[in-house]
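Trainee: Just dropping this structure here.
Derivation of every value follows stated rules applied to the coordinates shown; laboratory data play no part. The shown structure was predicted, so the numbers you read here are calculated from the model rather than taken from an experiment. We place every Cβ from the backbone using ideal geometry, glycine too, and count neighbours over all the protein chains shown.
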Amino acid sequence: MIYLIRHGETLWNAVGRYQGQKDSPLSERGREQAELIGRLLAHETIDLTSPLRAHVSPLGRTQATADLISRHVALDRSDEPRLAEISMGSWDGMTRYEISMEYPDALHGADAFDWYFRSPDGETFDSVCGRVASWLADLDGPIVAVSHGVTGRLIRGVYLGLSKREMLELAVPQDGFYKLQNGRAELIGAASGSMA
């Protein structure tokens, strides 16, 4: 079983700046989201008596989210680089507008989802899928995973056996998390009850 959590909203999320493997701090809303996730996770795991094993992306926004979750549920944490957000190379930290200005043809024909993989020096879809598939294959037992938007989509997509298009269109709420179990993904919190 995997409890798959996206970090809370950051200052850059709020203004449309894509972080990639750069960081910005959690916004006030992001801190509230992480606290909510902590309460939801504590309720979901109320019968457990020992700390939950947690793999956390080494980036600051996921570490800060895990810190806030830890106020509500005991986590036995370790950093897991394979959960880090996609690197968009020189596009990390830019807005879509800035990318279109500096790389005028790079986004031609791109849609709202596949443009992440068009950076000339960033990670490819296959490389990110490879690292998350490797992480999934190494799991043994229940785990809390604190990750990111794009990487979280691909974790769920690989787990569920979805196509590239289906993976990239998955929702990535910051006020809920996914419980991956028995080949299914159940959303806890946010718009609970939907399966994806």
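Trainee: How large, in Å, is the chain by the Kirkwood hydrodynamic radius built from its alpha-carbon pairs?
Mentor: Mean inverse Cα-Cα distance, inverted, gives 16.9 Å.
Trainee: Grab every C-alpha pair in region 20-83, bin the distances at 10 angstrom width from 0 up to the longest one, and report whole percents.
Mentor: 23, 50, 25, 2
Trainee: Of 73, 91, 108, which is farthest towards the positive pole of region 60-159's charge dipole, taken about the Cα centre with +1 and -1 on the beta-carbons of Lys, Arg and Asp, Glu respectively?
Mentor: So the residue furthest toward the plus end is 73.
Trainee: Dipole size in debye (nearest 20) for the chain around its Cα centre, Lys and Arg Cβ +1, Asp and Glu Cβ -1?
Mentor: 280 debye
Trainee: Right, another one. Pick from 62, 45, 151: which residue has the top mean-square fluctuation in a GNM of the chain where Cα pairs under 10 Å get a spring?
Mentor: 45
Trainee: Roughly what % of DSSP beta bridges within the chain run antiparallel, to the nearest 5?
Mentor: That works out to approximately 50 percent antiparallel.
Trainee: Right, another one. Can you give the percent of C-alpha pairs in region 16-125 whose distance is more than 24 Å?
Mentor: 40 percent
Trainee: If contacts are Cα pairs under 8 angstrom and at least 6 residues apart, what is the relative contact order of region 80-130 in percent?
Mentor: Relative contact order of region 80-130: 48 percent.
Trainee: What ³J(HN,Hα) values, in whole Hz, does the Karplus curve 6.51 cos²θ - 1.76 cosθ + 1.60 give for region 53-62 when θ = phi - 60°, with x put for Gly and Pro?
Mentor: Running phi through 6.51 cos²θ - 1.76 cosθ + 1.60 with θ = phi - 60° gives 5, 9, 9, 10, 3, x, 6, x, 5, 6 Hz.
Trainee: Find the relative contact order for region 19-163 and round it to a whole percent, using C-alpha pairs within less than 8 Å whose residues are 6+ positions apart.
Mentor: It rounds to 29 percent for region 19-163.
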